[in-house]
1. Output the residues belonging to the stretch 38-70 that are surrounded by fewer than 19 Cβ atoms within 10 Å (Cβ to Cβ) and either of a type in the set (D, E, K, R) or assigned to a helix (DSSP H, G or I) (or both).
2. Tell me the residue from ALA120, ALA88 that is assigned to a helix (DSSP H, G or I), under 17 Å from the mean Cα position of the chain (by Cα) and among the aliphatic types (A, V, I, L, M), please.
3. Please go through the stretch 135-150 and pick out each residue that is in contact with a helix residue (DSSP H, G or I) (Cβ under 8 Å, 6 or more places away or on another chain) and within 11 Å of HIS112 (Cα to Cα).
4. Can you pull out every residue in the stretch 128-177 that is among the small types (Gly, Ala, Ser) and in contact with a Gly (Cβ under 7 Å, 6 or more places away or on another chain)?
5. Any chance you could count how many residues in the stretch 81-123 are within 24 Å of VAL167 (Cβ to Cβ), in contact (Cβ under 8 Å) with a residue 24 or more places away in the chain and not hydrophobic (A, V, I, L, M, F, W, C)?
6. Of the residues VAL113, VAL105, which is part of a loop (DSSP other than H, G, I, E, B) and either in contact with a Lys or Arg (Cβ under 9 Å, 6 or more places away or on another chain) or closer than 21 Å to GLY41 by Cα (or both)?
7. Can you tell me which residues in the stretch 135-176 are loosely packed, with under 14 Cβ neighbours inside 10 Å and part of a loop (DSSP other than H, G, I, E, B)?
Amino acid sequence: MRRVPEEPLVRKIEKKLTDGAENGILPIINSPIENRYSGVGVPSDIYNHGKPLNNRQQALLDKLPEYNSRAIVGKDDVSMNDLSALTAKEGVEFAMFTCGSKRLVVRGNNEHVNINSMRAMVLKMQGYKWSGHTHPGNSKIVLRSSDGDVMVLKAFNQNVSVIYNSVGEYQTFTKDT
């Protein structure tokens, strides 16, 4: 149970707060209360407010400087939300494939990632599964799968994958879509 401060203690605290106040108005405090939430690394804040990537996301982007760049990283070093953040920052697609404890990330352009059904079959033979990919933009429309997306999914012989947009929203799609 919380103890309520006694009346003399309350008056003492009030006196300290109002000391130096003119006409009962407290002076302006020069160290305002700030929100701990910074928006750094958050796809919607990157896209809508120009916030920066977080350090981990920036390190990944540094490994993917141009179209068709590829990077293999640990499974815990990247998520689909990170790829959404990269898409928010760069305005291009990214795709991710997982094999055991490693992930392959491929940078695309504003229309596609350079993975066709033949390349997908090679990745499948190497043990990869298609984790998902991104489409630039903030609308629900960009979450729709293309014919190429469905062809790649079929090449992996997977039933489902996911598309993220630039603000972190996502939609799953199937090979029957």
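Bear in mind these aren't lab numbers, they're just calculated from the coordinates by the rules spelled out. Treat the numbers as computed from the prediction; the structure is a model and nothing was measured. When we count neighbours, we look across all protein chains shown, and the Cβ atoms used for this are built from the backbone with ideal geometry, even at glycine.
1. SER44, ASN48, HIS49, ASN55, ARG56, GLN58, ALA59, ASP62, LYS63, GLU66, ARG70, listed by residue number.
2. Residue meeting the stated conditions: ALA88.
3. Result: HIS135, PRO136.
4. Correct list: SER161, SER166.
5. Result for the stretch 81-123: 15.
6. None of the other options fit; the residue is VAL113.
7. Within the stretch 135-176, SER139, LYS140, ARG144, ASN157, ASN159, ASP176 meet the criteria.
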